[in-house]
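For reference, the structure discussed in these notes is given below.
The values are calculated or read from the model by the stated rules, or taken from the named source; none is laboratory data. Predicted, not measured: the structure shown is a model, and the values here were computed from it. With ideal geometry, Cβ positions are generated from the backbone for all residues, glycine too; neighbour counts draw on all protein chains shown. Just so you know, the surface numbers come from the protein's heavy atoms only, side chains and all, with ligands and any DNA or RNA stripped out. Shrake-Rupley method; radii C 1.70, N 1.55, O 1.52, S 1.80 Å.
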Amino acid sequence: MPEFARNAQQPNIHPEEGRSRSQAEREPRSRLERVLRSGRFAVTAELNPPDSADPQEVYDAALVLSSVCDGINAVDASGANCHMSSVAICALLTRAGYEPVYQVSCRDRNRIAIQGDLLGAAAMGVRNVLCITGDDVTVGDQPEAKRVFDLDSIQLLHTARIMRDYGVFLSGRKLTTPPQFFLGAVENPFAPPFDWRPHRLAKKVAAGAEFIQTQYCFDPARFRVFMQRVRDLGLHERCYILVGVGPLRSVGAAEFMRARVPGVYIPDAVIERLKGAPKSQQRAEGKRICIEIIQQVREIEGVAGVHIMAYRQEELVAEIVEEAGLLPRPFRSDAPPPPPRRRHRPTQRIPNP
């Protein structure tokens, strides 16, 4: 068994490895990577997974996002709440010709299941993989669920990278056809200890991360400080950084996110600005704040794009992208989705036994 695959708990990662070493040696693995390598400002967005078995709900959301985004994130039970699985959403998106970003959390599956899911996703045409540790079950609506966390995000990156680059499982057993992934990770510049965050990012890049999507940015000033340290470490030359942004629906939604959503920081100034708008205008004001933040972070050296998270507001993503001056999108795919079909009415919720 190769030494690098012997123990996923202590991956043998090399800090000098990064996009600068391999980028010129191969073709882009995905449309998202092609956009980033072209130097165009990239846009990705989250597709909020439905609480439904109807694939049309996925297609309806994807249709809104596809014309303005270079990649659509299939979210993996974010907030430790159950929805349609990210691998199933990816299957639907690739079938319709869209560009998914497959989000893989370590919370719910062990390394055996994760490696199998990665191979299955690759077989369906998935090329972008976002590796995350995952929120703890205590923040979700089923806190009695059992945690797995066999791997963390850095070990997951290592796992996906050796499957791709060395063609083996963690056991050392050979793959007949390795997956071809463009690997990503997440980072939160707004969670203390702030000085540690760039070094955490460096570990993820060393483990194999080629692109980064950050947590929501509502504080561009703090993000500038983070990016200065990122540039000092040379990380902006070894990975593509997409800043997380999103529209706030109302004061209540902002206060809920600040208090209840792990890792989200919303300054008082943002809350006060929303309070200063009439209730009927708060949604529009939240969209304006998002657009202004995009315009500010776009000017920061080392920022390669934005990742838009508009929870249950997919219809706003196209407006945000257009009004922020991010159209047209390069390398756009116009593959049509499957034809719509009649929806099923939701069934009555089953009470707890």
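The sole residue among 167, 184 that is touching a strand residue (DSSP E or B) at 6+ places or on another chain (Cβ under 7 Å), farther than 27 Å from residue 70 by Cα and small (Gly, Ala, Ser) is 167. Selection of first residues in region 195-216 that are within 16 Å of residue 244 (Cα to Cα) and of second residues that are among the aromatic types (Phe, Trp, Tyr) and in a strand (DSSP E or B), restricted to Cβ pairs under 8 Å at least 6 apart or on distinct chains, gives the following pairs, ordered by first then second residue: 211/182; 211/240; 212/240.
Residues in region 92-127 that are over 18 Å from the mean Cα position of the chain (by Cα) and of a type in the set (Lys, Arg): 95, 109, 111. Applying the condition of being touching a strand residue (DSSP E or B) at 6+ places or on another chain (Cβ under 9 Å) and open to solvent by 40 Å² or more (accessible area, probe 1.4 Å) to region 170-181 and asking which residue is nearest to residue 106 (Cα to Cα) yields 178. For region 144-163, the set of residues classified as open to solvent by 10 Å² or more (accessible area, probe 1.4 Å), assigned to a loop (DSSP other than H, G, I, E, B) and under 17 Å from residue 103 (Cα atoms) consists of 148, 149, 150, 152, listed by residue number. In the set (1) more than 15 Å from the chain's Cα centre (by Cα); (2) at pLDDT 95 or above; (3) aliphatic (A, V, I, L, M), the condition left unmet by residue 148 is number (2).
Of all residues in region 288-310, those that are without any contact (Cβ under 8 Å) to a residue 60 or more places away in the chain have Cβ atoms under 8 Å from Cβ atoms of residues that are in a helix (DSSP H, G or I), 6 or more apart or on another chain, in 290/320; 291/320; 291/323; 294/320. For region 192-206, the set of residues classified as in contact with a Lys or Arg (Cβ under 8 Å, 6 or more places away or on another chain) and open to solvent by less than 20 Å² (accessible area, probe 1.4 Å) consists of 198, 205, listed by residue number.
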